[in-house]
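To keep things clear, I will list the structure first and then write my remarks on it.
The values are calculated or read from the model by the stated rules, or taken from the named source; none is laboratory data. Remember, it's a predicted structure, so these values are computed and weren't measured experimentally. Don't worry about glycine lacking a Cβ; one is built from the backbone with ideal geometry, like all the others, and counts go over all protein chains shown.
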Amino acid sequence: MVNDRGQLYTMEGVAAGVIMLLTAYIVVSTTSVYTAGDTHIPDMQLEQLGSDVLAMMDTPDTKGEVSDLEIFVSTNNETGFKNAFLGYCNAKAIGADNLHMSANVTYRHASSNEIRDYPLVEPDNTWTGRESAVRVTRWVELEGNPSGVSGMDPSRPRAVLVEVLLWRA
Amino acid sequence: MACMNEDGQWIVLMGLLVAVGLFFLALIINQSALVGQTTAEGVLEFPKNDIRDLREAVFDYVDEFDHEEDTESKAVRDDIIAISLERKNAVVDFSVGDPEDISGRDLHPITIHYNNGVTEYHETVYY
């Protein structure tokens, strides 16, 4: 008759092996997780928020009217743009969020065939260059040159790209 | 196991089951930190808002210039193409055709092409 006294030891050995393999797997898979999950999700939310705010600002009240965004860009209205944008961004049911922004306008300089930009909203003193900022953009079509911007081509209808840098401070 | 006391076998077996169960739960907690990561990466990578914005810019262009080709409309079109390439890393082109009768309405056929190296988008839309 075959002696089966070793059965319990075999089972123990198998159990120990499974436990060691699982431990090794969990330890190895823990190392790379947190940073990735930390940054992408808030970035995605912030980017979507900024795009939605620009889309709202670019929507005129009625058909045929000019949108707020186009007015702010064509009159180069820094405070108007900043207040409208941050007002939408920071709106919460209770209290206010703590988002900050700066904005540039990119245009094409036809005679030198260069892409140039000028600041529309300067960053405030929360901007240190180390923020995890996201960039959102919106096309704006203008009837002529924006007022108060030097160094552009002669006035013509033009499409410019409004680029907003958005960060939480 | 005739000569051996085997009362402890069930206890050992249950201990094994509990140990495996605990490790399984730990694995789930460990993976839960990843929830939403690939989704967020996908959303960040896919230029949904850029394409929507480009379409609206093209519609604005058609509102303004119809399908006429003159120096002003050509300059605006060049603006969109050149700035897209420089600032959005996207190769963009669009063209507006003569109005056609679509279900009793005169609409312009617009073809829009967008390619940022990862996402490619082509559309013919009547506007």
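What residue, of B:36, B:21, is surrounded by 13 or more Cβ atoms within 10 Å (Cβ to Cβ), over 30 Å from residue A:2 (Cβ atoms) and out of contact with any His (no Cβ under 7 Å at 6 or more places or on another chain)?
None of the others qualify; the one that does is B:36.
Considering only residues that are under 30 Å from residue B:79 (Cβ atoms) and either in a helix (DSSP H, G or I) or in contact with a strand residue (DSSP E or B) (Cβ under 6 Å, 6 or more places away or on another chain) (or both), which ones fall in segment B:27-53?
Once the filter is applied, which keeps residues that are under 30 Å from residue B:79 (Cβ atoms) and either in a helix (DSSP H, G or I) or in contact with a strand residue (DSSP E or B) (Cβ under 6 Å, 6 or more places away or on another chain) (or both), segment B:27-53 yields B:43, B:44, B:45, B:48, B:49, B:50, B:51, B:52, B:53.
Scanning for something surrounded by fewer than 13 Cβ atoms within 10 Å (Cβ to Cβ) and more than 21 Å from residue B:114 (Cβ to Cβ), does segment B:39-59 turn up at least one residue?
Yes, segment B:39-59 contains at least one residue that is surrounded by fewer than 13 Cβ atoms within 10 Å (Cβ to Cβ) and more than 21 Å from residue B:114 (Cβ to Cβ).
Give A:80, A:64, A:129, A:144 a once-over and let me know the one that is over 17 Å from the mean Cα position of the chain (by Cα) and at positive phi.
A:64
Taking the conditions exactly as written (part of a helix (DSSP H, G or I) and small (Gly, Ala, Ser)), does residue A:80 satisfy them or not?
yes
So, in segment B:1-39, of the ones that are among the small types (Gly, Ala, Ser) and at the interface with chain A (Cβ under 10 Å from one of its Cβ atoms), which residue ends up farthest from residue A:15 (Cα to Cα)?
Ranking the candidates gives B:36 first.
Taking segment A:83-94 on its own, how many of its residues are more than 20 Å from residue A:146 (Cβ to Cβ), free of Cβ contacts under 8 Å to residues at least 60 places away in the same chain and in a helix (DSSP H, G or I)?
3
Looking at A:43, A:58, A:68, can you tell me which residue is over 27 Å from residue B:71 (Cα atoms) and either at pLDDT 90 or above or surrounded by 19 or more Cβ atoms within 10 Å (Cβ to Cβ) (or both)?
Of A:43, A:58, A:68, the one residue that is over 27 Å from residue B:71 (Cα atoms) and either at pLDDT 90 or above or surrounded by 19 or more Cβ atoms within 10 Å (Cβ to Cβ) (or both) is A:68.
Mind listing whichever residues of segment B:40-63 are facing chain A (nearest Cβ under 8 Å) and modelled with pLDDT under 85?
If the condition is that a residue be facing chain A (nearest Cβ under 8 Å) and modelled with pLDDT under 85, then B:40, B:41, B:43, B:44 are the ones that fit.
Every residue in segment B:54-94 that is assigned to a loop (DSSP other than H, G, I, E, B), closer than 19 Å to residue A:163 by Cα and without any contact (Cβ under 8 Å) to a residue 40 or more places away in the chain, please.
Residue satisfying the conditions is B:89 alone.
Within segment A:9-28, identify whether any single residue is more than 9 Å from chain B (Cβ to nearest Cβ), surrounded by 11 or more Cβ atoms within 10 Å (Cβ to Cβ), at pLDDT 90 or above and within 18 Å of the chain's Cα centre (by Cα), and answer yes or no.
no
Can you go through B:11, B:102, B:29, B:51 and tell me which one is free of Cβ contacts under 8 Å to residues at least 40 places away in the same chain and within 27 Å of residue A:43 (Cα to Cα)?
Result of the check over B:11, B:102, B:29, B:51: B:29.
For segment A:95-169, which fully contained strands (runs of 3 or more DSSP E) count at least 1 residues that are of a type outside the set (A, V, I, L, M), surrounded by fewer than 15 Cβ atoms within 10 Å (Cβ to Cβ) and more than 12 Å from chain B (Cβ to nearest Cβ)?
Output list reads A:114-121.
So, in segment A:47-58, exactly how many residues are touching an Asp or Glu at 6+ places or on another chain (Cβ under 9 Å) and at the interface with another protein chain (Cβ under 10 Å from one of its Cβ atoms)?
Adding up the residues that qualify gives 4.
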